[in-house]
Amino acid sequence: MAIGPRQELRQGQSLVMTPQLQQAIKLLQLTNLELAEFVDQELERNPLLERQEPGQAERGDGGSPQVDKDAALESRDTAQATTASDIPSESEAPLDVSYGEMYDEAGPGEGLAPSGGAGTTTSYGSGARESDDGGNVIEETVSEKPSLHHHLLEQLYTDVTDPTERAIGYHLVHGVDEAGYLTVDVTAVAEQIGCEAALVEKTLQRLQAFDPPGILARDLRECLALQLRERNRYDPAMEALLSNLDLLARHDEKALLAACGVDGEDLAEMIQELRALDPKPGLAFSHEIAQTVVPDIFVRQGPAGGWIVELNTDTLPRVLVNQQYLAVLGSRAKSKDDKLFITERLNSANWLVRSLEQRATTILKVATELVRQQDGFFVRGIQHLRPLTLRDIATAIEMHESTVSRVTANKYIATPRGTFPLKYFFTSAITSASGGESLSAETVRHRIKELVDGEAADAVLSDDRIVEILRAANVDIARRTVAKYREAMGIPSSVDRRRQRASSTWKSR
């Protein structure tokens, strides 16, 4: 057999992940804010793209030079192009692939922009109950609060005159987090500014007398102690109580009585005093902007029954190809490089318009099927939330499971029952003990919470007892699953709940 190089021709099929295809896939999982930022960047890079403002007429008509139809895409804005009838099939969807100064500290005012607006819709029939028509629009205004750092610096430059202590105080103030706690180490500050750690500690103690009480504490115990000193209520018994906050968290009344050396009545009063304190005094000066989730999809009932699913067009960027400017550039392009540049920019602009259209229609298609599958939840509540997987939706709409995963990532849907992430409706199944219809994990969690909320003070339900009750209701569930769901919801164990309710000094959850 001769050994040597030779040429062969082979045919095969493979998916080539071009940069544009990779970007189109990425668009599916972007949030509305990330998408708006991406489109802004494309508008800056591509002179042939323009944003269509409401009421703006599309360009390309009225005496402008004709453009070769093969070289330019008809000017369409992405919101207008998105209709239920435009939803692409599996073969048409290119996105469906399996893969300053010290005092300049004040923060911005806080506000909450309303979300709303009509969107592209799709609907189907259902025997649903009537509900208020409105789209679940939330409006809220939060008043502006002063910056915590600004508030502390004002006190620093008013009360502290020594230049060294003022410099130390400046570093300490800028080491305070939004809750009011000191996040920098005293020794590290001393090394940074070149002084004795004792002087930093002395300055810190002086700053800890600033308003609000409890500020610049290094931990919860110190924060509460500072507030008690302010009220002249920091005695040895209270000091012992603060040194045993772990016992307080476990509601171990017997151990606390021994540690503090007081009777039950005094301990109850001490605990009530602690409850009146603020564990995060800095939050009153938070300067972050309060925001609400802006939904990508609205669900509402139609006038004749059934659910109407519509896109929130306020979150859809409106971009189009400026045909008039394209014609002007085309007529003036003389060199090969100029023509190549125009062609590349045109292809990029056309791709972006098509990708935004298909992103919108794909989201609408997935959301419509999700609402159809979870009709029981929208009509009758969480008890009727069905077990649902990404594969169920993907099979129903004939798309790949990874596409559905990308579409539902970081997307929110506003419904008559509230605003939820799309991922909320995908839950694992808990089998029925009698072989009937399975229940969703979210429904089972809701039942566990109802059982705990309804238990009597002298009949606290153990995890084993909850399992027995659920199995009697045809829910086949293991004890460890009940414990996992209970812990995820922040519900204490039966031992801790019994201890809470055994004494009137503890408030229930």
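Name the residues whose placed amide hydrogens come within less than 5 Å of the amide hydrogen of Trp307, ignoring near sequence neighbours (fewer than 5 apart) on the same chain.
Tyr124, Ser126, Gly302
Around Lys411, which amide H atoms from residues at least 5 apart in sequence, or from another chain, sit under 5 Å from its own amide H, with H modelled in the peptide plane?
The answer is Leu422, Lys423.
Can you tell me the alpha carbon radius of gyration of the stretch 148-285 divided by the globular rule-of-thumb value 2.2 N^0.38 Å?
That works out to 1.17 for the stretch 148-285.
Along its three principal axes, how long is the stretch 442-503 when you only count alpha carbons? Whole Å, largest extent first please.
35, 22, 17
Under the definition of Cα pairs under 8 Å and six or more residues apart, what whole-number percent is the relative contact order of the stretch 148-285?
24
Placing +1 at every Lys and Arg Cβ and -1 at every Asp and Glu Cβ, with all other atoms neutral, what dipole size does the stretch 148-285 have around its Cα centre, in debye to the nearest 20?
With only Lys, Arg, Asp and Glu charged at Cβ, the dipole is about 140 debye.
Can you give me the long-range amide H partners of Ala217? Hydrogens built in the peptide plane at 1.01 Å from N, cutoff under 5 Å, separation of 5 or more residues or another chain.
Leu182
Where Lys and Arg each count +1 and Asp and Glu each count -1, what net charge lies around Arg480 among other residues with Cβ under 14 Å from its Cβ?
Combined, the nearby Lys, Arg, Asp and Glu give -1.
No lab work stands behind these numbers, since they all come straight from the coordinates. Quick caveat, the model's predicted, so the values are computed rather than measured. Here the Cβ is made from the backbone with ideal geometry for all residues, glycine too, and neighbour counts use every protein chain on show.
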